[in-house]
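Asks: Mind looking over this structure? Questions follow.
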Amino acid sequence: MSRVYNFSAGPSMLPLEVLEKAAAEMTEHGTSGQSVMEMSHRSKEYQAIIDNAEALVREIMHVPDNYMVLFLQGGASSQFSAIPMNIGTKNKKADYIITGQWAKKAADEAERYITVNRVASSADKTFSYIPTTDSSMFDPEADYCYICYNNTIYGTHYTENKLPDTKATLVADISSCVMAEEIDVTKFGILYAGAQKNLGPAGVTLVIVRNDLIGETLDGTPTMFKYSIHQKNGSMYNTPPTYGIYVLGLVLQWIKDKGGVRELQKINEKKAKLLYDFLDSSKMFKGTVVPEDRSLMNVPFVTGNDELDAKFVAEAKSNGFINIKGHRSVGGMRASIYNAMPLEGVEKLVEFMKKFEAENA
Ligand SMILES: *Cc1c(COP(=O)(O)O)cnc(C)c1O
């Protein structure tokens, strides 16, 4: 077996231990005589799998009892509509901070249903920073304020001191930083994440919602978009993505076994520092994000020369570092170094970059 270091932004690497466990249980889960894929979601065996996944989310993220934990489908993108439909109901207004394409898409989608106030944006500098805001910029009547906590494409990241100072309910897309660093759930009304970056295979979306936010929905809200329906039915109003939730449970157990988010965050900080320190010292490569807003998970960088970028991406690939090409809107390279990327993968990448720099100086 030869496994590459996969720097994909998502779907991305899963821990080898998780894949091996899933493989070992592929044809028979426990003593059930069947694979998880073949199980009725109404069975006692499956109920135990989804209950375990929920319990682990609560434990690992310290989710208080007054929040629901839902496993939904439709990707993070479906939440762009579900959020205004479920909580944009009082004054039908919300504040959005535009820190990249995902926040922009969320705002554009919400605008189909409610009034959207784009409070601040970093579009002027290709989203290479997190805009600073102050309380006077927020609408006191907004039903909620929306941010994208970690901007997967541009490699920026919120820190606590930049979180919006608003009285409105805070909503955050944490698709690309969930369980990679400690986040205080109680600061938020809704947190959500597509699984395919840091949690498991594509097809499951983790949605955490404070119970008191749920009531009326906007007229015409599809049943499948109502958080209340999913809560009442334990995320099984219809058939859930059964296998995805099972693998997610394995990833959560892996996180717990590693010492939880606190320990993973230390490793993630070490990995990111290694790469950023090299970028800051290199004469060839440079990071595209202002130092104070740099993501721990997604590290975009460029040489400033498109041909050299292309050569680097090709040589990286032939050396076992795949999916390191930058997003088409930024160009250059991007190394996504989620929880499952071992420190060794980043060390080897930096070694390879040094060698490439020396050979192409
Ligand atoms: C990947 C990503 C999305 C889109 O996720 P889908 O599950 O493909 O809809 C949304 N937001 C962020 C921050 C992402 O990284």
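The values are calculated or read from the model by the stated rules, or taken from the named source; none is laboratory data. This is a predicted model, so every value here is computed, not measured. Virtual Cβ from ideal backbone geometry, glycine too; neighbours counted across all protein chains shown. Please note that ligands, DNA and RNA were not included when accessible areas were found on the heavy atoms of the full protein model with its side chains. Shrake-Rupley method; radii C 1.70, N 1.55, O 1.52, S 1.80 Å.
Asks: What helices in the chain pass both tests, a Cα length along the helix axis of 15 Å or more and a mean Kyte hydropathy of 0.0 or higher, using whole DSSP H runs?
Replies: On the way: long enough: 44-61 (26 Å, -0.11); 75-87 (18 Å, 0.45); 242-257 (23 Å, 0.81); 260-281 (32 Å, -0.69); 306-318 (18 Å, -0.49); 343-359 (24 Å, -0.25).
Sorted by number, the helices that extend far enough and score high enough are 75-87, 242-257.
Asks: To the nearest 0.05, what FRET efficiency results for Lys286 and Asn161 with a Förster distance of 22 Å applied to their C-beta separation?
Replies: Calculated value: 0.30.
Asks: In the structure shown, do any of Lys187/Lys258; Lys162/Lys187; Lys125/Lys270; Lys125/Lys317; Lys197/Lys266 have a Cα-Cα gap over 22 Å, and if so which?
Replies: Lys187/Lys258; Lys125/Lys270; Lys125/Lys317, as the Cα separations exceed 22 Å there.
Asks: On to the next question. For Arg58 and Ser35 in the same chain, what is the full-extension length gain: residue separation times 0.36 nm, less their Cα-Cα distance, in nm?
Replies: That works out to 5.7 nm of additional length.
Asks: Also: Is there a quick way to get the dipole size of the chain? I mean about its Cα centre, with the Cβ of Lys and Arg at +1 and of Asp and Glu at -1; what is the value in debye to the nearest 20? Before the final figure, lay out each step's value.
Replies: Numbers: 38 positive and 44 negative charges, 77 e Å.
Dipole of the chain, to the nearest 20 debye: 380 debye.
Asks: Considering only DSSP states other than H, G, I, E and B, which trypsin sites (Lys or Arg not before Pro) in the range 322-352 qualify as loop sites with at most 14 other Cβ atoms within 10 Å? Could you put the intermediate results ahead of the total?
Replies: Details: sites: Lys325, Arg328, Arg334, Lys348; in loops: Arg328.
Counting only loop positions with at most 14 other Cβ atoms within 10 Å, the trypsin sites (Lys or Arg not before Pro) in the range 322-352 are Arg328.
Asks: Quantify, in whole percent, the carbon and sulfur part of the accessible surface of the range 123-244 (1.4 Å probe; protein heavy atoms only).
Replies: Details: 2160 of 4580 Å².
On the range 123-244, the fraction of accessible area on carbon and sulfur atoms equals 47 percent.
Asks: Right, here's the next one. I need the calculated FRET efficiency for the pair Glu357 and Asp184, taking r as the beta carbon distance and R₀ as 30 Å, to the nearest 0.05. Present the calculation step by step, with values, prior to reporting the outcome.
Replies: On the way: r = 40 Å, r/R0 = 1.33.
That gives a FRET efficiency of 0.15.
Asks: Express in nm, to one decimal, how much length is gained between Thr223 and Ser136 on full extension, taking 0.36 nm for each residue of separation and deducting their alpha carbon distance.
Replies: Details: separation 87, 0.36 × 87 = 31.32 nm, distance 3.67 nm.
Length difference between fully extended and current span is 27.7 nm.
Asks: OK, next. Output wanted: per-residue J couplings in Hz (rounded whole) for the range 218-223, from phi through Karplus 6.51 cos²θ - 1.76 cosθ + 1.60, θ = phi - 60°, x for Gly and Pro.
Replies: Residue by residue, the range 218-223 yields 4, 4, x, 4, x, 3 Hz.
Asks: Ok, one more. For the range 101-178 and the range 296-351, write down the distance between their C-alpha centroids in whole Å.
Replies: 27
Asks: What is the dipole size for the range 103-159, taken about its Cα centre, with +1 at each Lys and Arg Cβ and -1 at each Asp and Glu Cβ, in debye to the nearest 20? Walk me through the numbers on the way to the answer.
Replies: Values: 5 positive and 8 negative charges, 60 e Å.
Its charge dipole is roughly 280 debye.
Asks: How large is the accessible surface per residue of the range 197-338, computed with a 1.4 Å probe and reported in Å² as a whole number? Write out the running numbers ahead of the final one.
Replies: On the way: 6380 Å² over 142 residues.
It amounts to 45 Å² per residue over the range 197-338.
Asks: Might you tell me the accessible area per residue for the range 43-101, computed with a 1.4 Å probe and given in Å²? Walk me through the numbers on the way to the answer.
Replies: Numbers: 2120 Å² over 59 residues.
Per residue, the range 43-101 has 36 Å² of solvent-accessible surface.
Asks: Have a look at Ala106, Ala76, Ala310 and tell me which one the Gaussian network model of the chain (Cα, springs below 10 Å) gives the largest fluctuation.
Replies: The residue with the greatest mean-square fluctuation here is Ala310.
Asks: Highest first, please rank the peptides 38-47, 59-68 by the mean number of other Cβ atoms sitting within 10 Å of their residues.
Replies: Details: 38-47: 14.1, 59-68: 15.7.
Final packing ranking: 59-68, 38-47.
Asks: Then there's this: Please state, to two decimals, what the Cα-based radius of gyration of the range 1-146 comes to when divided by 2.2 N^0.38 Å (N = residues). Mind showing how you got there, number by number?
Replies: Details: Rg = 20.8 Å, N = 146, 2.2 N^0.38 = 14.6 Å.
Taking N as the residue count of the range 1-146, the ratio is 1.42.
Asks: Another one. Does the chain come out rounded, prolate or oblate by the C-alpha gyration tensor, with a ≥ b ≥ c the root eigenvalues, rounded set by a/c under 1.5 and, if not, prolate when a/b is larger than b/c and oblate if not? Walk me through the numbers on the way to the answer.
Replies: Numbers: a/c = 2.09, a/b = 1.16, b/c = 1.80.
Cα axes put the chain in the oblate bin.
Asks: Report, to the nearest whole %, how much of the accessible area of the range 4-94 belongs to carbon and sulfur atoms, 1.4 Å probe, protein only.
Replies: Numbers: 2220 of 4190 Å².
With neighbouring chains kept in place, the figure for the range 4-94 is 53 percent.
Asks: By the gyration tensor of its Cα atoms, with a ≥ b ≥ c the square roots of the eigenvalues, what is the shape of the range 100-144: rounded for a/c under 1.5, prolate for a/b over b/c, or oblate? Spell out each step's value before the answer.
Replies: Values: a/c = 3.09, a/b = 1.19, b/c = 2.61.
Here the range 100-144 falls in the oblate category.
Asks: Tell me, what % of the accessible area of the range 247-316 is carbon and sulfur with a 1.4 angstrom probe?
Replies: Details: 1690 of 3250 Å².
Of all accessible area on the range 247-316, carbon and sulfur atoms account for 52 percent.
Asks: Quick one: among Tyr113, Tyr237, Tyr246, which has the greatest mean-square fluctuation in a GNM of the chain with alpha-carbon springs under 10 angstrom?
Replies: The residue with the greatest mean-square fluctuation here is Tyr237.
Asks: Using the alpha carbon gyration tensor of the range 79-194, what are the three equivalent-ellipsoid semi-axes (square root of 5 times each eigenvalue), largest first, in whole Å?
Replies: On the way: eigenvalues 75, 48, 42 Å².
Each semi-axis is √(5λ); the values are 19, 15, 14 Å.
Asks: Rolling a 1.4 Å sphere over the protein heavy atoms, what is the accessible area per residue of the range 129-177, to the nearest Å²?
Replies: 34
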